[in-house]
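What follows is a single structure, written as structure tokens, with notes after it.
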Amino acid sequence: TNENYWLGVAKNTTTGAGQSQEVYVIGGVANEGLSGLTIGTNYYWQSNGQVGTANTGGDRLVGKAIAADKILVENTGTGAA
């Protein structure tokens with residue numbers, strides 16, 4: 001897997017091979033386990049696996065908060081899948 005060609009943001013976790021993975025893609029609304037977001041603020045998938053407002057270098061823009069518990073997914077990486 002090349003991190004520059006990711007398809008979206010994982011919606012659920014898996015524990016092994018052969019299990020299905022749900023993914024939020026562009027236009028999707030991420031809302032699993034989110035709270036305390038600032039509406040109108042951009043959020044990034046950070047290299048440490050967290051979602052936050054700071055781009056610390058190498059982080060990927062996910063999208064913009066549209067509610068305190070929802071992010072509109074506007075980006076899924078820097079390349080084409």
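Name the single residue, out of those in the stretch 51-66 being out of contact with any Phe, Trp or Tyr (no Cβ under 9 Å at 6 or more places or on another chain) and at pLDDT below 80, that is farthest from residue 13 (Cα to Cα). Before the answer, list the steps.
Quick first cut of the stretch 51-66, residues out of contact with any Phe, Trp or Tyr (no Cβ under 9 Å at 6 or more places or on another chain) only: 57-58, 66.
Restricting the remaining residues to those that are at pLDDT below 80 gives 57-58.
Values: 57: 25, 58: 23 Å.
Only one residue tops the list, namely 57.
Taking into account only those residues within the stretch 42-55 that are of a type in the set (S, T, N, Q) and open to solvent by 40 Å² or more (accessible area, probe 1.4 Å), which is farthest from residue 73 (Cα to Cα)? Show your work before the answer.
Narrowing the stretch 42-55 to residues of a type in the set (S, T, N, Q): 42, 46-48, 50, 53, 55.
Those still in the list that are open to solvent by 40 Å² or more (accessible area, probe 1.4 Å) too: 42, 47-48, 50, 53, 55.
Numbers: 42: 10, 47: 18, 48: 19, 50: 15, 53: 14, 55: 16 Å.
Of everything passing the filter in the stretch 42-55, 48 is farthest from residue 73 (Cα to Cα).
Look through the stretch 67-81, keep the residues that are assigned to a loop (DSSP other than H, G, I, E, B) and modelled with pLDDT of 85 or more, and return whichever of them is surrounded by the fewest Cβ atoms within 10 Å (Cβ to Cβ).
Selected residue: 68.
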- Task: Among the residues of the stretch 16-47, write down those that are more than 18 Å from residue 67 (Cα to Cα) and modelled with pLDDT of 75 or more.
- Result: 17, 18, 46
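The values are calculated or read from the model by the stated rules, or taken from the named source; none is laboratory data. What you are looking at is a predicted structure, and each value in this text was computed from that prediction instead of being measured. Backbone-built Cβ (ideal geometry, glycine too); neighbour counts: all protein chains shown. Ligands, DNA and RNA are stripped out before the accessible areas are found, and what is left, the full protein with its side chains, is counted by its heavy atoms. Shrake-Rupley method; radii C 1.70, N 1.55, O 1.52, S 1.80 Å.
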